[in-house]
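Below: the structure, in C-alpha cells.
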C-alpha cells in the first residue's frame with residue numbers, strides 16, 4: 001500500500017518549508033554524500049548511539065562483519081571524527097540517507113503528508129515539529145539499542161524518524177482524510193487511518209535494527225515507532241491556538 005497523494009482541497013498555505021526540507025535531503029545525498037559513495041562524510045555525520053550515550057566522539061578502524069541472516073561478509077567502515085559536538089548528529093543524521101530507495105521512500109511520504117501538517121500548524125511550528133520529533137526518534141533508537149544490547153557503534157541516519165512524527169500527527173488530525181494509494185497495480189482512495197495504520201503495524205512487526213547492524217534490513221524501526229508516538233503526543237501541543245483562515249474570518253464576521 002504505497003501512498004501517492006491525498007486530499008489538499010483545504011490548503012491555505014504554500015508548503016515552502018516542506019519543499020525546502022525535501023530539497024535539502026536530496027541535495028545533501030547527491031552533493032555531500034556523493035549519492036552514497038562518500039562513506040566518510042556519511043558516518044561522521046550520522047547518529048552513533050555510543051557517542052550519544054557518552055557525549056564523546058568515537059573513532060574506530062574498519063572491520064569485516066558477517067550478516068547473521070545470510071552469512072555474507074561485508075566491510076563496516078570505521079567511525080571518523082565528528083565535526084562539532086556529537087549531539088549535533090541527532091539533527092545532521094535526519095538529512096542523510098543510505099541509498100536512493102531510502103531517500104525516495106522518505107521524501108514520498110514527506111511530500112504526501114508534510115504539506116497538510118504545515119498548512120495546519122504554520123511554517124515555523126511545522127519546522128520545529130519536524131526537528132523535535134526527529135530528535136526524539138533518534139533518541140528512541142539510541143536508548144533501544146542500549147537496552148537490547150545491540151552494537152552501539154553502528155551509525156543510523158535518515159529522515160524516517162521525523163517523517164514518522166509527521167505521520168503520527170497526520171493520523172491524529174486527519175484520520176478520515178482520503179489518501180490515494182497504489183495497491184495491486186491500481187489506485188485506491190482510502191481513509192488515512194487505514195493507510196497509516198497499515199504502515200505502523202509494519203513498523204511494529206519488523207522490530208528494531210540499525211544501519212548495517214545486528215538485524216536484517218538495516219532500518220532503525222525503533223526510531224520509526226518513537227517518532228510516530230512523538231508525533232501523536234506532540235501534535236496537539238503544536239496545534240494549540242492555531243487558527244485556519246476560515247476560523248479567523250468566522251470570528252470577525
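The values are calculated or read from the model by the stated rules, or taken from the named source; none is laboratory data. As the structure is a prediction and not an experimental result, all values here were calculated from the model. Cβ coordinates were reconstructed from backbone atoms using ideal geometry, including for glycine residues, and neighbour counts include every protein chain displayed.
Things to note:
Yes/no matrix, rows are residues, columns are (1) touching a strand residue (DSSP E or B) at 6+ places or on another chain (Cβ under 8 Å); (2) at pLDDT 90 or above:
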| residue | (1), (2) |
| --- | --- |
| 16 | no, yes |
| 23 | no, yes |
| 36 | no, yes |
| 55 | no, yes |
| 61 | no, no |
| 66 | yes, no |
| 72 | yes, no |
| 76 | yes, no |
| 100 | no, yes |
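- Set 145, 89: member being at pLDDT 95 or above, farther than 30 Å from residue 13 by Cα and crowded, with 19+ Cβ neighbours inside 10 Å: 89
- A single entry from 113, 95 fulfils the requirement of being within 15 Å of residue 22 (Cα to Cα), modelled with pLDDT of 95 or more, crowded, with 22+ Cβ neighbours inside 10 Å and touching a helix residue (DSSP H, G or I) at 6+ places or on another chain (Cβ under 6 Å): 113.
- Output for region 29-66, where each listed residue is in a strand (DSSP E or B) and within 18 Å of residue 83 (Cβ to Cβ): 47
- Residue list for region 46-61, restricted to those being closer than 13 Å to residue 78 by Cα and under 19 Å from the mean Cα position of the chain (by Cα): 46, 48
- Taking the listed residues 53, 27, 108, 32, the one that is within 27 Å of residue 238 (Cα to Cα) and surrounded by fewer than 22 Cβ atoms within 10 Å (Cβ to Cβ) is 108, with no other qualifying.
- When 162, 195 are screened for being touching a strand residue (DSSP E or B) at 6+ places or on another chain (Cβ under 8 Å) and in a helix (DSSP H, G or I), only 195 passes.
- Look at region 75-88: where a residue is at negative phi and touching a residue at least 40 places away in the same chain (Cβ under 8 Å) and a partner is in a loop (DSSP other than H, G, I, E, B) and surrounded by 13 or more Cβ atoms within 10 Å (Cβ to Cβ), sitting 6+ places away or on another chain with Cβ atoms under 8 Å, you get 76/154; 76/212; 79/48; 79/58; 79/60; 79/153; 79/155.
- Count - residues of region 92-121 that are closer than 19 Å to residue 47 by Cβ and more than 11 Å from the chain's Cα centre (by Cα): 3
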